[in-house]
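Q: Input: one structure, supplied below.
Read the figures in this text as sums done on the coordinates, not as results from a lab. The shown structure was predicted, so the numbers you read here are calculated from the model rather than taken from an experiment. Neighbour counts are summed over all protein chains in view; Cβ atoms, including those assigned to glycine, are modelled from backbone coordinates with ideal geometry.
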Amino acid sequence: TALIKKLFLAGKMVNVNSELPFDEASEIALEYNCIAEEEEKVDVIEELLKEDEEDEKDMVPRPPVVCVMGHVDHGKTSLLDAIRQTKVTSGEAGGITQAIGASVVDVNGQTITFLDTPGHEAFTAMRMRGAQSTDIAILVVAADDGVMPQTIEAINHAKAAGIEIIVAINKIDKESANIERVKQELTEYELIPEDWGGSTIFCPVSAHTKEGIDNLLEMILLTADVLELKANPNRKARGIVIEAELDKGRGPVATMLVQKGTLHVGDYIAVGASHGKVRAMTNSRGERVTEALPSTPVQIQGLNTVPDAGEIFMAVDNEKEARTISETYISQGKEKLLADTKQRMSLDDLYSQIQAGNLKELKIIIKADVQGSVEAVKQSLLKLSNDEVVIKCIHAGVGAINESDIILASASNAIVIGFNIRPDARAKDMADSEGVDVRLYRVIYNAIEDIDSAMKGMLDPIY
Ligand code: GDP
């Protein structure tokens, strides 16, 4: 039966009486020569998915990794461009380098790594796979437009990830700019400027005139100093895939952010279902390099297939190990592996999780048709907190349940409550594939009753 199961998982329909071609049979026999190794495979993955402990004495400071978030059209892309332009050294001026998905900016001898894909969805999608990509989020808010729905989404995505937020009030060159209003609006989301007694850094900037850009960069470095970001460069490399594609001439190319250790040309790596040997590495300026330290983005060649963005990569001892890891990943299915490492939250098993002591906090995301309902649902549900479980609303807003909500729920292990609204089509598909529990209600009382019963283990299962 074990054999059948194995073949079945490999996509082959067989039963006990089926005959196998000799080469296939011998392949399997070979594998079964070492059942112990099968077992070992699983352990390898678990071992590697675990965050390994690091000795404090091996740690050295590393540059911050920064992403840019905010509402559409508030100037995220322009700001990233402006930062890159002001920091291009004379040698590079004029020479257009191929973008690799992340850039390293030099500020008075210190460096900052920027992820080039703006937006909180990209950021949280990586977190959904268990990878924390970023240390600091730059929240871009247009001075003439103020706080908008995606501004709030971005704030909550960053908060859920526990990363530092620096506010960049952009477009201050505009006549209609109103910096004070933006500050005022953001106080509602606990982003309070230092001169108002808070601890959030606000940087007025203009991506067009470049005013304030230097100050913003200094503030990023200052924040990084406070965070005391460190990594051990003297170990096998580990990090995440920022983006990857199939290049006609070069085969699979992947931009990877090294987070720990040092990646070298010649290293064997495993990345999800892909594996390979680093044949060549290019830095963010398009230069060939032979090694990459923590917080450095590099584009690498040498993988056998194109990995997904957000996938974790790790350098291993030899080709066999790299192949074993990726094969285990494929044969077990990445959903299963992810599911094993991450408990999905569902109202149905809320009670058992509470009983098992696994759960101290029930995270919820609330979406409703009007602001009044958002507040009413939120207040009623928060009141259900008891000694065992605290209900925490990590995001609430007006409008249909969207992809951003599902990504956030998945990454943060939250459930989504919709009141008088539905998920849009893409959100629904994603909720299904990610296994996010989405509950829709038309009457507040029903929502309260469901959560209350779920916490007491008395929720009627839905079929
Ligand atoms: P994104 O959607 O957040 O990436 O925003 P973009 O960078 O595409 O900018 C949206 C629009 O705002 C574009 O037309 C930009 O030219 C404009 N914009 C961006 N930054 C500034 C700025 O500092 N000042 C002014 N006046 N316009 C800006």
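Q: Quick one: which residues, 5 or more positions from residue 313 or on another chain, have an amide H under 5 Å from its amide H? H modelled 1.01 Å from N in the peptide plane, none for Pro or chain starts.
A: For residue 313, the qualifying residues are 239, 240, 241.
Q: If you don't mind, another one. Between residue 304 and residue 353, what is the spin-label point distance in nm, taking each point 7 Å from the Cα along the Cα→C-beta axis?
A: So the label points at residue 304 and residue 353 sit 3.6 nm apart.
Q: In whole percent, what relative contact order does region 365-421 give with Cα contacts below 8 Å and a gap of six or more residues? Mind showing how you got there, number by number?
A: Numbers: 77 pairs, mean separation 29.8, N = 57.
Averaging sequence separation for qualifying contacts and normalising by length gives 52 percent for region 365-421.
Q: Once fully extended, how much extra length lies between residue 85 and residue 330, figured as 0.36 nm per residue of separation less the alpha-carbon to alpha-carbon distance?
A: So the chain would gain 84.0 nm between residue 85 and residue 330.
Q: Given H placed 1.01 Å from N in the peptide plane, which residues other than close sequence neighbours of residue 235 have an amide H under 5 Å from its amide H?
A: Long-range HN contacts for residue 235: 261, 262.
Q: Of the cross-linked pairs 159/210; 57/159; 360/428; 159/360, which ones have a Cα-Cα span greater than 22 Å in the structure shown?
A: Violating the 22 Å Cα-Cα cut-off are 159/210; 57/159; 360/428.
Q: Still on this structure, I have one more. Work through the residues other than residue 227 whose Cβ is under 10 Å from its Cβ and net out their charges, Lys, Arg +1 and Asp, Glu -1.
A: Once all neighbours under 10 Å are counted, the net charge is -3.
Q: Shifting gears a bit: For region 221-234, take each phi angle, set θ = phi - 60°, evaluate the Karplus expression 6.51 cos²θ - 1.76 cosθ + 1.60, and give the result in whole Hz per residue in order, putting x for glycine and proline.
A: 5, 4, 4, 4, 4, 5, 6, 6, 5, 9, 7, 9, x, 9
Q: Just subtract the alpha-carbon distance of residue 211 and residue 425 from 0.36 nm times their residue separation and send over the number in nm, one decimal.
A: Fully extending the segment from residue 211 to residue 425 adds 72.9 nm.
Q: Between residue 230 and residue 452, take the C-beta separation as r, use R0 = 56 Å, and let me know the FRET efficiency to the nearest 0.05.
A: FRET efficiency, residue 230 to residue 452: 0.80.
Q: Follow-up. With a sphere of radius 14 Å drawn around the Cβ of residue 252, what net charge do the other residues whose Cβ falls strictly inside it have (Lys, Arg +1; Asp, Glu -1)?
A: Around residue 252, the surrounding residues sum to -1.
Q: Between residue 111 and residue 189, 0.36 nm times their residue separation minus their Cα-Cα distance comes to what?
A: 25.1 nm
Q: With +1 on the Cβ of every Lys and Arg and -1 on the Cβ of every Asp and Glu, and nothing else charged, how large is the dipole of region 108-210 about its Cα centre, in debye rounded to the nearest 20?
A: For region 108-210, the charge dipole is close to 280 debye.
Q: Given H placed 1.01 Å from N in the peptide plane, which residues other than close sequence neighbours of residue 280 have an amide H under 5 Å from its amide H?
A: The list, which skips near neighbours in sequence, is 301.
Q: From the phi of every residue in region 299-315, what ³J(HN,Hα) in whole Hz does the Karplus formula 6.51 cos²θ - 1.76 cosθ + 1.60 yield, where θ is phi - 60° and glycine or proline is x?
A: Computed from phi, the couplings for region 299-315 are 9, 10, 10, x, 7, 7, 9, 8, x, 7, 4, x, 5, 8, 10, 9, 7 Hz.
Q: Same structure again: Only sites in a loop by DSSP and with at most 11 other Cβ atoms within 10 Å count here; which GluC sites (Glu not before Pro) in region 214-310 make the cut?
A: 228, 287
Q: Same structure, new question: I'd like the Karplus ³J(HN,Hα) series for region 69-79: coefficients 6.51, -1.76, 1.60, θ = phi - 60°, whole numbers in Hz, and an x wherever there's a Gly or Pro.
A: Each residue of region 69-79 in turn: 10, x, 5, 4, 6, 7, x, 4, 5, 4, 5 Hz.
Q: Rounded if a/c is under 1.5, else prolate if a/b is larger than b/c, else oblate: which is region 171-230, with a ≥ b ≥ c the root eigenvalues of its Cα gyration tensor?
A: Oblate.
Q: Only sites in a loop by DSSP and with at most 16 other Cβ atoms within 10 Å count here; which trypsin sites (Lys or Arg not before Pro) in region 234-277 make the cut? If you can, show how the numbers build up before the last one.
A: Numbers: sites: 235, 236, 238, 248, 250, 260, 277; in loops: 235, 248, 250.
Those that pass, being in a loop and sparsely packed, are 235, 248, 250.
Q: When the scattering of region 117-176 is computed by the Debye formula from its Cα atoms alone, each counted once and equally, what is log10 I(q)/I(0) at q = 0.13, 0.18, 0.22, 0.25 Å⁻¹?
A: Those come out to -0.36, -0.63, -0.85, -1.03, one per q.
Q: Taking the radius of gyration and the Kirkwood hydrodynamic radius from Cα positions alone, what is the Rg/Rh ratio for region 202-338, to two decimal places? Provide the component values of the computation, followed by the final result.
A: Numbers: Rg = 17.4 Å, Rh = 16.3 Å.
On the Cα set of region 202-338, Rg over Rh gives 1.07.
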